[in-house]
1. Once neighbouring chains are kept in place and the probe is 1.4 Å, which whole percent of the accessible area of chain B is contributed by carbon and sulfur?
2. Ratio of Rg to Rh for region B:87-155, alpha carbon only, Kirkwood?
3. Counting alpha carbon pairs within less than 8 Å and at least 6 residues apart, what relative contact order, in whole percent, applies to region A:1-108?
4. Select from region B:126-153 all residues whose loss of accessible area on going from the chain by itself to the full protein assembly reaches 50 Å² or more (probe 1.4 Å).
5. Contact order normalised by length for chain B, with contacts defined as Cα pairs under 8 Å and 6 or more residues apart; what percent is it?
6. So which residues in region A:25-45 end up with at least 40 square angstrom less accessible surface once the other protein chains are there, compared with the chain by itself, probe 1.4 angstrom?
7. Taking a temperature of 37 °C and a viscosity of 0.692 mPa s, what whole-number D in µm²/s does Stokes-Einstein yield for chain B with Rh from Kirkwood over alpha carbon pairs?
8. Estimate for me the total accessible surface buried between chains A and B (protein heavy atoms, probe 1.4 Å, no ligands or nucleic acids), in Å² to the nearest 100.
Protein chains: 2
Amino acid sequence: MPRVIHPIEVESYRILRSRIDLSHLPPLSRAVAERVIHAAADLSFGDSLVLDEDALAKGREALLSGAPIYCDARMAAAGITSRKPIVPLDDPRAKTPEPGLTRSATAMRLATKEAPAGAIWVIGNAPTALFELLEHPPTDPALIVGLPVGFVGAAESKAALAATDLPFVTNRGERGGSSVAVAAVNALLYYEA
Amino acid sequence: MPRVIHPIEVESYRILRSRIDLSHLPPLSRAVAERVIHAAADLSFGDSLVLDEDALAKGREALLSGAPIYCDARMAAAGITSRKPIVPLDDPRAKTPEPGLTRSATAMRLATKEAPAGAIWVIGNAPTALFELLEHPPTDPALIVGLPVGFVGAAESKAALAATDLPFVTNRGERGGSSVAVAAVNALLYYEA
C-alpha cells in the first residue's frame, strides 16, 4: 500500500523545490537530499551532503528486506517509526565505558562485534560512535548513515567516513543530528520510483 | 548529585563561546541559547531565539518539581532522557484525526483537555500541534517550548506563540526541530547556578 502523503508535506516539498533545484541528482540521492532539507529547514545540506547512488540503492534494498538498524541514540531510533531500530547504548553492558572510550563508542564497539552482516548503521549524534565504527567496522554493512552534529569531532568523523570505501551517506561540516539522520533513512524507506 | 560533564561537552562549549558571545543574556536564557546552539551546531539560534528569563525560571521550577512533560513527537520525548514525557500522539484515540485537523493537532487537543495545570509542553516537530495549543491552550501551562521546524507553518506558529502572554520559549523563522526543543528543556533541567 503506498504511503499517504499529507498535503502539508506536499506543500513543503513544493516550497523546497522553489528554493533549491536538486533535479540534477539521481533519484535516491535527490530523495535523501530533499527529505533532509525538508526535515531541517536548512538548504545548506544541498551543498554539504555526500551522496552515492549505489550505496543508497544497497541501503534501500537492505531496509526493504528488513535488515536490522543500529542507532547511536534513542532519538534517532524514535524517528524511524516504521521499523524497530536497535540502540546499543541501551545495552546494560554499555553502562560502564571502556577505558578511553565514550559510552557511545563503547556501545558501538559491542554492537559492531555482534551485529550480523548487512545491517544499517545510523549515527546522528555522537562523533565518537562514528569514529569507533570506522576503527572497528561491522561485517559488510549495507549502509552507514553518518550524520553526527557538533563542534567537536563531527566534521572530522564525517570526513574520515567519506574517505573510506564503506557504503555511506554523510555530509561535510558541523551540521547534522538525529532528525537529519532519520530523514535520510526515511527517504530511502519511503522512496517511490 | 551534580551531573558529570564530559570533556567533549566542555570543549564544545569552549568552541561555542569563542564563536558567539552570549554573556549579555541572563543565566537561564544563556543556558538555553548555548545548549540549543551546541545541539544544532547552528549559531543562527543566537539571533533567532526569543527568550524570557521569568518564563524559563517558571519552567525550570516546574521541571524540577516533576511537572508532567507533553511532547508532540516521540523523538523529542526520547531526548529528554532524565524524565518520562507523555506523547499524546501515541494515544489510540489520536489515531483518527478530527475533521480538518492533523493527527498531531488531534492528539494535542485531547491532551490539552485532560492535562493538569502546570505542565510543560514541548513542540519540536509539528506546527499544527503548536497552532492547536494556541487555539485551545492548556490550563495554566508552566512553559511552552515551541520550536517546530519546517517550510510550512513553523515560522507562523512560532510568531503566533510569541504574540501571546503564555510562558514560552521559541524562535523566529523556519529552523527548529526535536533536537533543538530537547536542548531547551535539558538546558533548564541541567542548569547549575
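The values are calculated or read from the model by the stated rules, or taken from the named source; none is laboratory data. Bear in mind the structure is a predicted one, so any value in this text is a computation, not a measurement. A quick note on method: Cβ atoms are made from the backbone with ideal geometry, for glycine too, and the neighbour counts reach across all protein chains shown. Side chains are part of the model used for accessible areas, which takes the heavy atoms of the whole protein and leaves out ligands, DNA and RNA. Shrake-Rupley method; radii C 1.70, N 1.55, O 1.52, S 1.80 Å.
1. That fraction is 55 percent.
2. Using Cα coordinates only, the ratio equals 0.94.
3. 15
4. Hits at the 50 Å² cut-off: B:Phe151, B:Val152.
5. Relative contact order of chain B: 24 percent.
6. Buried by 40 Å² or more upon assembly, which counts only protein chains, are A:Ala41.
7. This corresponds to a translational diffusion coefficient of 198 µm²/s.
8. About 2400 Å² of accessible surface is lost on pairing.
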